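Asker: Starting off with a structure, shown below.
The values are calculated or read from the model by the stated rules, or taken from the named source; none is laboratory data. Quick caveat, the model's predicted, so the values are computed rather than measured. Please note: Cβ atoms are built from the backbone with ideal geometry, for glycine as well, and neighbour counts cover all protein chains shown.
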Amino acid sequence: MTTETQGIQVIGPVAGRQAELLTPAALAFLAGLHSRFNPTRLALLEARQARSARLAAGERPAFLAETADLRSRDWRVAPLPADLQDRRVEITGPVDRKMIINALNSGAKVFMADFEDAHTPSWANCLDGQLNLQEALDRTITYTAPDGRDYRLNETVATLFVRPRGWHLVEKHVLVDGEPISGSLFDFGLYLFHNAGRLQALGTGPYFYLPKLESHLEARLWNEVFVAAQERLGLPQGTIKATVLIETILAAFELDEILYELRDHSAGLNAGRWDYLFSCIKQFRSWPELVFPDRGQLTMTVPFMRAYTERLVQVCHRRGAPAIGGMAAFIPSRRDPAVNAVALTQVRADKERESRDGFDGTWVAHPDLVPVAKAAFDEVLGERPNQLERQRPEVNVTAEQLLDFRVPGGTVTEAGLRNNLSVGLQYLASWLRGVGAAAINNLMEDAATAEISRSQVWQWVQRGVMTAEGRPVTREWVRQLLEEELAAIEAAWGPAFATGRFGEARALFERVALGEDYVEFLTLPAYEYLD
């Protein structure tokens, strides 16, 4: 099906209520955003490539000399609306009906509905996700499970945020003047156009999480989009609020600058730990002195992760902006209390560390973790909505500390390699089946953790890294282990394995983990597989 309105073409199938989204007025709004801002988006993506090339050649990141005055001056972001004062626990997940209901009912203060790393961006998923959010705001969303259980919203629900796709992604089913529309602008624009009025009527606002930023110039582009969108829809400037995920090593050097660019629209920063690890591996994969150990050894207490989170809290609070902590990805087991006991103890310790460090809230992936995280923050916050008054003047993080990638006792092991292969295969197969958030080994895996898995394999192969057991990591050995891990998955799946898309997942994993050239994001080639 192809429809065309004012230079914008919809070339994907549109069924049922999906047509309510793609009205001439909505399409004209999207086309206006794309035509105005896509040239800057493309230029910024080119700048990313140039920067990555310089890093590969040995350049070390540093704080920007040209913004030193901005960092030294005293300024603050605009005041937060009432429903963003207390964000002590936030839950995240994809935009399917069951997840939306469970997350909004979870007792968390915020639900981040995800069109990015926990979402497979098939055309149907993207449109249905938008419709699901509309129904959630209208309080009409329901879901009936295969076992007959009915799900519907409680009277009191979490505040809704939406995470659009990153600047690097497109929506191939919508063309503007013959080129695919920015996935960021499509997700953001469609949600804002249809729901700004709904949100105002509910006493809340259009709130967003912004992923994958690598510089304050990328934040500036988002701010320009916000200003233009509010003007076009007749919304007061500053109505939109956005939290930026600091999930790239380069953004960690520009925290003040990112907050400043979004200062009228800022709802703080979030420590996106898994993508941050992926970014460190990606950007410095060619540094001869640097090899990252097993993923399980890259905890929040290693020097570079500690420096990053300490700096994030300090900068946020100096600027009057909330600092939100990282994801607890554990999925409680319904069958193994011993696994739960160990994992929940680790989750509790992680959240206690964040609350003591000054974070104002944190992320969880499962409703059962909300009480654990809430208890840790209640103990520190009490009746206060946040701890913005904790300025952390004792923190003075240097560029060298952000780049201190030592992991005491860190090793590469065969078990770590096998885990990367198994998780990578299972996640990619799930993604190709349309499920972008996959419970694997009691962890909620998303695109970020799959990126870590394949990036580590790529680096270990390129370096011929020696495992702790004394065996070099080679392509041949990785392919042998892939066969073994795939056989184990097949044994666990039984007859359903044949329709699980594991063959395509293996081909895709080999492409992004064993190719000579490093693929910037695995979701770029993976998107070619989607309808």
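Asker: Out of everything in region 137-155 that is within 26 Å of the chain's Cα centre (by Cα) and hydrophobic (A, V, I, L, M, F, W, C), what residue ends up being nearest to S106 (Cα to Cα)?
Answerer: Filtering region 137-155 for residues that are within 26 Å of the chain's Cα centre (by Cα) and hydrophobic (A, V, I, L, M, F, W, C), the one nearest to S106 (Cα to Cα) comes out as L153.
Asker: Please state which of the following conditions E451 fails to meet, knowing it meets all the rest: (1) more than 29 Å from the chain's Cα centre (by Cα); (2) among the acidic types (D, E); (3) in a helix (DSSP H, G or I).
Answerer: That leaves (1) as the condition not met.
Asker: Of everything in region 44-67, what is under 23 Å from L312 (Cβ atoms) and surrounded by fewer than 10 Cβ atoms within 10 Å (Cβ to Cβ)? Give them in sequence order.
Answerer: A65, E66 - these are the residues of region 44-67 that are under 23 Å from L312 (Cβ atoms) and surrounded by fewer than 10 Cβ atoms within 10 Å (Cβ to Cβ).
Asker: I need a count of the residues in region 319-359 that are in contact with a Gly (Cβ under 9 Å, 6 or more places away or on another chain) and among the aromatic types (F, W, Y).
Answerer: The total comes to 1.
Asker: Can you tell me how many residues in region 73-109 are exposed (fewer than 15 other Cβ atoms within 10 Å of the Cβ) and acidic (D, E)?
Answerer: The total comes to 1.
Asker: Now for a separate question. Mind checking which strands (runs of 3 or more DSSP E) fall wholly inside region 196-276 and carry at least 1 residues that are aromatic (F, W, Y), touching a Leu at 6+ places or on another chain (Cβ under 9 Å) and on the phi < 0 side of the Ramachandran plot?
Answerer: 207-210
Asker: Oh, and also: Would a scan of region 473-493 turn up a residue that is of a type in the set (F, W, Y), in a helix (DSSP H, G or I) and closer than 17 Å to S430 by Cα?
Answerer: yes
Asker: Being within 18 Å of V457 (Cβ to Cβ) and touching a residue at least 24 places away in the same chain (Cβ under 8 Å), is that true of even one residue in region 524-531?
Answerer: Within region 524-531, one or more residues are within 18 Å of V457 (Cβ to Cβ) and touching a residue at least 24 places away in the same chain (Cβ under 8 Å).
Asker: Something else about it: So which helices (runs of 4 or more DSSP H) stay within region 311-415 end to end and still have 1 or more residues that are buried (at least 18 other Cβ atoms within 10 Å of the Cβ) and free of Cβ contacts under 8 Å to residues at least 40 places away in the same chain?
Answerer: Per the criteria, 337-357, 370-381.
Asker: Out of the residues in region 242-256 that are among the charged types (D, E, K, R) and buried (at least 24 other Cβ atoms within 10 Å of the Cβ), state the one that is farthest from G361 (Cα to Cα).
Answerer: E254
Asker: I would also like to ask the following. Report yes if L70 is crowded, with 19+ Cβ neighbours inside 10 Å and either over 22 Å from the mean Cα position of the chain (by Cα) or assigned to a helix (DSSP H, G or I) (or both), otherwise no.
Answerer: no
Asker: Could you please give the count of residues in region 432-466 that are β-branched (V, I, T), touching a Leu at 6+ places or on another chain (Cβ under 8 Å) and closer than 17 Å to W274 by Cβ?
Answerer: 3
Asker: Kindly evaluate T499 against the criterion of being β-branched (V, I, T), surrounded by 13 or more Cβ atoms within 10 Å (Cβ to Cβ) and assigned by TED's automatic domain parsing to the domain that holds V423.
Answerer: no
Asker: Now, a different point. Those residues that are in a helix (DSSP H, G or I), under 22 Å from Y143 (Cβ atoms) and hydrophobic (A, V, I, L, M, F, W, C), I need them from region 73-107; list them, please.
Answerer: Residues satisfying the conditions are M99, I100, I101, A103, L104.
Asker: Shifting gears a bit: Name every residue in region 134-173 that is farther than 18 Å from A242 by Cβ and of a type in the set (D, E, K, R), in order of residue number.
Answerer: E135, D138, R139, D147, R149, D150, R152, E155, E171, K172
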